Amino acid sequence: MGAHTRVEKEIEFISELTAGCRSITEADVERLQSAVAEAAYYKAERRGFAPGLDVSDWLEAESEIKRHMNRPLPTPD
């Protein structure tokens, strides 16, 4: 499975999760964080891993996922 396909599957999972399909567990929150981390990694990879932009990559990845979901990342119950 390609990298973008994995990220897309995680975004789909996040969208379903935040749409109220089921309750949120600590494992779900970890999976959300993992999806953001993976998206941030691919951002860094695309720019050649130039140092000093890791926080920016993370925030951009998180923002893109939130925008895709059209709601904030949930916290566990």
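The table below gives the values:
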item	result
Cβ pairs under 6 Å, 6+ apart, first in the stretch 13-37 and at pLDDT below 80, second part of a helix (DSSP H, G or I) and not acidic (Asp, Glu)	Ile14/Leu32; Ile14/Met69; Ser15/Met69; Thr18/Met69; Asp28/Leu17
Among (1) modelled with pLDDT of 90 or more; (2) assigned to a helix (DSSP H, G or I); (3) exposed (fewer than 11 other Cβ atoms within 10 Å of the Cβ) - the single one Glu60 does not satisfy	(3)
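The values are calculated or read from the model by the stated rules, or taken from the named source; none is laboratory data. It should be emphasised that the depicted structure is a prediction, and the values quoted were computed from it without experimental measurement. Positions of Cβ are generated from backbone atoms using ideal geometry, with glycine treated the same way; all protein chains shown enter the neighbour counts.
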